[in-house]
Amino acid sequence: MLAELGHFAMVLALLVAVAQIILPLYGVWTRNGAAQGVARHAAWLQFALLLLSFLALVWAFLQNDFTIDYVARQSNTRLPVWYKVSSVWGGHEGSLLLWALVLAGWTAAVAAFSRSLPRAMVARVLALLGAVSVAFLLFILLTSNPFNRLLPDFPPDGNDLNPLLQDPGLIFHPPMLYMGYVGFAVPFAFALAGLMGGRLDSAWARWSRPWALAAWCFLTLGISLGSWWAYYELGWGGWWFWDPVENASLMPWLAGTALLHSLAVTEKRGVFKAWTVMLAIIAFSLSLLGTFLVRSGVLTSVHAFASDPSRGLFVLGILAVVIGGSLTLFAVRAPALTSESRYQLVSREMFLLANNLLLLTATTVVLLGTLFPLIADAFDLGKISVGPPYFNLLFNPLVLLLLFFLGMGPQANWKRHDGARLLRPYGLILAAGLVLGVALPWLWFGTNSLAVTAAGTLSFAVFISMVRDVLQKVGTAKAGAWAGLRRLSRSYVGMQLAHLGLLVTVLGVALTSHHSIERDIRMAPGDRLVEGNYTFVLEGVSDHVGPNYTARRGDFQVLRDGEPVTRLHPEKRIYDVQRNMMTEAAIDAGLFRDLYIALGEPLDAGPGGQAWAVRIYYKPFVRWVWMGSLLMAAGGLLSASDRRYRLRKAATVPAGEALS
């Protein structure tokens, strides 16, 4: 009965979403304030109904209701309770319901936190978000209903969750990623609402920017969690391998990063209006493209959910309508998007524009590398694989160029700057960065490479440029340095923190990519491997019983210079229901290095007993990859919390438009 209630709540949510489109837009057209005000109430009601539907599905999993087809396929009576909850979004149907719920949550948040905005603008934004909700609710109800019954025959114990997903990563990674994916619908809706209303000024950019920041922060955390999950779960020691579905999350992140910088310039200087609107459309379109890639069955990936072409065609139709409709509106309205000010070739605006172009170029590189194998297969050009060599060859130089302009931007003034006066200080900054980029890796590792030198030089140069910019701002305070620091806005501090996070990530990627050590060896109890000043000793392999699996667990002692450091226990698991074998790596994590051991297949027994294939890694600075992501997300959230985004001033409302 509860399943039917959840299904009925979804149908009602669809009807409410339709009303959320029609009545507010009718109110805007007729200037009817009451009809426009329906948008807020419809947004809250839609969220409540989808929350009820989602909780009904959660309860079905907790109650082991295997008469529901989706529950029977994704769960099992022996599955731990926390994995039963995360199983709700562990498959195609439930993850789509979560997608719809997250979109309703963002819509309700816009309704709640936009009371200082013009009523007509809010009505348009909520109507557009309602249109996206209608598309995805129709998709769920027509092709992917998670409440379909499996009667009269149903499995008494369930099929079980994919063992690869029986991990804490499933609890946090997909919801965080969806918050980012779906969150870009809000700046997209603001952009189209601005086009429809003919208002794309600094106030519009200020309204849109905190929503774009919030979505970008969630997407940053979601990508970082996915990278970390792949690192410790897949057993190969890598944190990114240019998988098509990984790329699907990276593309909107790159476009969203460009959008944030473009919004900042539009807000401050009144320029880049058309560019900002286009980036908002691109960022959300790429989010929808990621949904299409994951659910269409056009690619094979450990991340992909569905393999039903009809579902893929539905999402492709949504994507075509969103891109086609928004670009058509943009083409009609774009001629009116004139800038409010001018700038010269050497200026901060130009450096920000250069970085935006580089980010969009990087997005295009990833897009082409991801889609080209699919296009080649569709036109019978053969099976073509595009792997890390392509991405590393084209993507990495773009990142280095991005760092170069990122360091130069803070040294330039808005509108115009003397080129000669800019080159001298930045030349000294680059020279200092080169000294640090060469010396520090050499002192730490005893060797260096061109790639590490380039990444280190530019990262340290950007850091010095950031410090110089902060000191210049603090130095202008008459009351002293402390007063100057307190005067810095949250937006500025958050920006610097996010840029620092990018530098930490770049250094982590460069150092761990070029200085990691990997050893694949045969080890029996008592065998040892000496690597540098570390010694790895296999003391034995024993049986272990988990809640729904059995395992062979290795016992490794790790010594450094003869002194014990830690004991690591990698496992080879067999899950009881599906009988799938999984590798669980053991990791000793540190700020400057990880020690990583994965237990492979059993080999022929030797004099010392049963031997095993063992993979051992020394991963320097790998934690910096995710530490930098956390700093970026923290900086974005700090910027979004800037007090000017919370002001409720009627002065931002043009004459003739009432506040709700």
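The table that follows gives values for the structure above.
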read-out: Selection count, the stretch 572-609, where residues are modelled with pLDDT under 85, assigned to a loop (DSSP other than H, G, I, E, B) and farther than 30 Å from R78 by Cα; value: 2
read-out: Subset of the stretch 274-283 that is open to solvent by less than 30 Å² (accessible area, probe 1.4 Å) and out of contact with any Ser or Thr (no Cβ under 8 Å at 6 or more places or on another chain) - its residue that is modelled with the lowest pLDDT; value: V277
read-out: Selection from the stretch 30-83 of residues that are touching a Lys or Arg at 6+ places or on another chain (Cβ under 6 Å) and polar (S, T, N, Q); value: Q36, T67, S75
read-out: The stretch 250-273, residues that are open to solvent by less than 10 Å² (accessible area, probe 1.4 Å), assigned to a helix (DSSP H, G or I) and of a type in the set (G, A, S); value: A255, G256, A258, S262
read-out: Qualifying residue in the stretch 288-302 (condition: farther than 17 Å from W207 by Cα and modelled with pLDDT of 85 or more); value: yes
read-out: Residues of the stretch 488-543 satisfying the condition of being out of contact with any strand residue (DSSP E or B) (no Cβ under 8 Å at 6 or more places or on another chain), of a type in the set (S, T, N, Q) and closer than 26 Å to A455 by Cα; value: Q496, T505, S513
read-out: Filter result (polar (S, T, N, Q), out of contact with any His (no Cβ under 9 Å at 6 or more places or on another chain) and either in a strand (DSSP E or B) or open to solvent by less than 10 Å² (accessible area, probe 1.4 Å) (or both)) within the stretch 128-148; value: S133
read-out: Tally of residues being open to solvent by 30 Å² or more (accessible area, probe 1.4 Å) and touching a Pro at 6+ places or on another chain (Cβ under 6 Å) across the stretch 550-581; value: 1
read-out: Any hit, the stretch 624-642, residues being touching a helix residue (DSSP H, G or I) at 6+ places or on another chain (Cβ under 9 Å), of a type in the set (S, T, N, Q), surrounded by fewer than 19 Cβ atoms within 10 Å (Cβ to Cβ) and assigned to a strand (DSSP E or B); value: no
read-out: Any chance L164 is outside any loop (DSSP other than H, G, I, E, B), over 30 Å from T107 (Cα atoms) and of a type outside the set (D, E); value: yes
read-out: Residue in the stretch 351-372 that is nearest to V265 (Cα to Cα), counting only those that are without any contact (Cβ under 8 Å) to a residue 40 or more places away in the chain and touching a helix residue (DSSP H, G or I) at 6+ places or on another chain (Cβ under 8 Å); value: T361
read-out: Residues of the stretch 111-122 classified as in contact with a Lys or Arg (Cβ under 9 Å, 6 or more places away or on another chain) and either under 18 Å from V18 (Cα atoms) or in a helix (DSSP H, G or I) (or both), total; value: 5
read-out: Hits in the stretch 327-343 - residues which are at pLDDT 75 or above and either assigned to a loop (DSSP other than H, G, I, E, B) or of a type in the set (K, R) (or both); value: R333
read-out: Test: L151 is surrounded by 24 or more Cβ atoms within 10 Å (Cβ to Cβ) and assigned to a loop (DSSP other than H, G, I, E, B); value: no
read-out: Residues of the stretch 154-172 satisfying the condition of being farther than 19 Å from R78 by Cα and either open to solvent by less than 30 Å² (accessible area, probe 1.4 Å) or among the acidic types (D, E) (or both); value: G169
read-out: Unmet criterion (only one of (1) part of a helix (DSSP H, G or I); (2) open to solvent by 30 Å² or more (accessible area, probe 1.4 Å); (3) more than 16 Å from H514 (Cβ to Cβ)) for M408; value: (2)
read-out: From L485, L394, L434, L401, residue being touching a helix residue (DSSP H, G or I) at 6+ places or on another chain (Cβ under 6 Å), at pLDDT below 90, open to solvent by 50 Å² or more (accessible area, probe 1.4 Å) and of a type in the set (A, V, I, L, M); value: L485
read-out: Number of the exception - A193 against (1) of a type in the set (A, V, I, L, M, F, W, C); (2) over 25 Å from L128 (Cα atoms); (3) open to solvent by less than 10 Å² (accessible area, probe 1.4 Å); value: (2)
read-out: Cβ pairs under 6 Å, 6+ apart, first in the stretch 571-587 and among the polar types (S, T, N, Q), second part of a loop (DSSP other than H, G, I, E, B); value: Q578/D160; T583/G235
read-out: Residue check, S202 in contact with a helix residue (DSSP H, G or I) (Cβ under 9 Å, 6 or more places away or on another chain), open to solvent by 10 Å² or more (accessible area, probe 1.4 Å) and polar (S, T, N, Q); value: yes
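The values are calculated or read from the model by the stated rules, or taken from the named source; none is laboratory data. Remember, it's a predicted structure, so these values are computed and weren't measured experimentally. Please note: Cβ atoms are built from the backbone with ideal geometry, for glycine as well, and neighbour counts cover all protein chains shown. These area figures cover heavy atoms from the full protein model, side chains too; ligands, DNA and RNA do not enter into them. Shrake-Rupley method; radii C 1.70, N 1.55, O 1.52, S 1.80 Å.
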